[in-house]
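To keep things clear, I will list the structure first and then write my remarks on it.
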Amino acid sequence: MSDSDRSFRFPSRRAFLGAGGALLALGALPEFRPPAAIARPATAPTATPNTLWYRVPGAEAKIIEEGLPIGNGRLGALATGDPAHDALYVVDSTLWTGGLNAALGSDGQFPYDAENFGTLSLLAKAYLQLPDHTGVSDYRRELDLANGVVAATYRIGSAQYRRELYCSHPDDVTVLRLTQTGGSYTGRVVLAGTHGETPQASGPVAAFSGTLPNGLAYGAVATVTAVGGAVAADGSDVTFTGCREVLVVVCGGTNYTADASTGFMDPALDPTARAQTKALAAAAVDPDILRRTHVADYHSLYDRFTVDLGRSSKAQRALDTPSRLAARGATGALADPELEASYLQFGRYLMITGSRTGVPLNLQGLWLDRNDPAWMADYHTDINVQMNYWLSDRAGLGDCYDAYADYILAQLPCWTEQTQKVFNDSRNWFHNSSGQVAGWTTAISTNIFGGLGWWWHPAGNAWLCNSLYDHYAYTQDVAFVRKIYPMLKGACQFWEARLITTTVTDPDGSTREVLIDDSDWSPEQGPTTAKGITYAQELVWQLFGNYALAAALL
């Protein structure tokens, strides 16, 4: 961390809002929360499966393309479903390197790298190794969109095997359950870090912990329980022998907290201890009840929306998903209504699994295959983060929007401080020619520590705020407007200081003065010296209109 980063003082939320400010409350905070009482439903909803399915396992080398995703909004994972060597790549949405990134470069813009700005990275890799599971036949791997469960089934001789995988939001853990008829399970669970950690196993639990160079603490735990047979530690792994059924529970997290005044970290939180508490608590629950709890919670969101585009043919239904996609994409292909409807439901599945009690969906969501993802898996404010949330209100998932709004609110003190401190740096070719600066704006890229990256994006504040107000248009929730009001007001204050006056001539020859944007750019397109660019003009016009409506409403 640079000296300029160390000298920056995070304002407290109370100081930022000021005495007498609007009553605000973050919704679903993205902290790795302590365990809470969990409602265990007596029954789970039933639904006709809506499956994407495959005849072969995913390859670990192509897990980002072939792995099937699970998640609960905070934890996410990709799984290969390989019978003998299943790989699970686990992500916590807050395992970020970097920090505030407050020192401008010589061009008045922000550094954009994994060290200073930071990047999302993998929490862990967990492997299920079953050396005797060879000679497999009748293999099928599937993602059940209607129930939020990934599964793989296969035969070895006369024995039938099934594994189910899901990430429970109520229990805040990833669950892998192995069942069978006519056989048994002997193998091991290997938990590996991706930042040089040294895992340790004790009894049925393997665990590791670590601290990133920016001070963020993290940890992960895998625990194994079984029916029949034996479970034991073997070095850093957990083994199981001759078991009729095996349950693997994986949990992990960081000490991130959505509070700028603490540097976005809670030094009192031990992520590994909390992960172990959650994993052991879930492992002690009857597996049928554990699954029922997850499915009921998933249905509470999934069932809010249905889509019926018509019936597909029997021949189309018989195809595995890759073959079905290829057939649909062929020249002159017939419509496949159920496949096309599942495309929308897959988007809803990713929203439910990727955006709940956590920071919002970034460029990669909750799914990574490496620690150097493209564009740091950040939050691009020039369409990407907004586009991630176009679906939520329109498809009955308004609750999933909270993570997006709460993220902006949590970052706002830092964005405001940086805007007022360095936006008018003379090296910044977007600086306000008026010499005035107020409110807040953002850069093209943002992280989870209040940090901005790459070039300034003056109109980014308007686009973020307009998306927030659109959510109100769907929900008509006045409390939500009260929460976002300071964001809208601060963005308008920024533009009141930034807009400049120019004279235009109308078709009839008369002249009038209008307000236009200062030196700016259309992001990623240019040019970088234009004044009054259409991109910014439209967004800011809408921002002022939304602010006027919000002010009148409150």
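The values are calculated or read from the model by the stated rules, or taken from the named source; none is laboratory data. Not measured: the values here are computed from a predicted model. Counting neighbours? That spans all protein chains shown, and the Cβs are built from the backbone with ideal geometry, glycine included. Surface areas here come from the heavy atoms of the whole protein model, side chains and all, with no ligands, DNA or RNA. Shrake-Rupley method; radii C 1.70, N 1.55, O 1.52, S 1.80 Å.
Below are the figures for this structure:
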quantity: Where trypsin sites (Lys or Arg not before Pro) fall in DSSP loop in region 42-139, at most 15 other Cβ within 10 Å; calculated: 55
quantity: Length-normalised contact order for region 427-489 - Cα pairs under 8 Å, 6+ apart - percent; calculated: 23 percent
quantity: Under the span-like rule (Cα at least 27 Å along the axis, Kyte-Doolittle mean at least -1.0), DSSP H helices of the chain; calculated: 402-422, 478-498, 534-553
quantity: Value of relative contact order over region 367-500, rounded to a whole percent, pairs C-alpha under 8 Å and six or more apart; calculated: 28 percent
quantity: Extension gain, residue 155 back to residue 477 (0.36 nm per residue minus Cα-Cα distance, nm); calculated: 110.7 nm
quantity: Rh (Kirkwood; distinct C-alpha pairs) - the chain, Å; calculated: 25.2 Å
quantity: Peptides 467-480, 396-409, 430-443 ordered by average Cβ neighbours within 10 Å, highest first; calculated: 396-409, 430-443, 467-480
quantity: Point-charge dipole on Cβ atoms (K/R +1, D/E -1) for the chain, about Cα centre, debye to 20; calculated: 1140 debye
quantity: Relative contact order of region 165-208, defined on C-alpha pairs under 8 angstrom at six or more residues apart (%); calculated: 21 percent
quantity: Accessible carbon and sulfur surface of the chain relative to its total accessible area, %, 1.4 Å; calculated: 53 percent
quantity: Heavy-atom surface of region 378-423, accessible at 1.4 Å and reported per residue (Å²); calculated: 26 Å²
quantity: For residue 264, residues with placed amide H under 5 Å, excluding near neighbours; calculated: 259
quantity: Note, ³J(HN,Hα) from phi for region 100-107, Karplus 6.51, -1.76, 1.60, rounded to Hz, x at Gly and Pro; calculated: 5, 6, 8, 8, 6, x, 5, 9
quantity: Label-point separation, residue 308 to residue 420 (7 Å along Cα→Cβ), nm; calculated: 5.6 nm
quantity: Stretch gain in nm, segment residue 508-residue 429, where the contour uses 0.36 nm per residue and the Cα spacing is subtracted; calculated: 24.9 nm
quantity: Relative packing of peptides 76-85, 419-428, 204-213 - highest average C-beta neighbours within 10 Å first; calculated: 76-85, 204-213, 419-428
quantity: All lysines inside 27 Å of residue 125 as judged from Cα atoms, apart from same-chain residues fewer than 8 positions distant; calculated: 62, 278
quantity: Modelled label reach - residue 323, point 7 Å along Cα→Cβ, region 140-179 residues with backbone N closer than 14 Å; calculated: 140-141
quantity: Hits among lysines - C-alpha to C-alpha of residue 489 under 17 Å, sequence gap 8 or more where chains match; calculated: none
quantity: Residue 158 - accessible surface, heavy atoms, 1.4 Å probe, Å² rounded to 10; calculated: 100 Å²
quantity: Residues residue 115 and residue 384, FRET efficiency given R0 of 22 Å [Cβ-Cβ distance, rounded to 0.05]; calculated: 0.45
quantity: Order by protection proxy (mean Cβ within 10 Å, highest first), peptides 377-384, 323-330; calculated: 377-384, 323-330
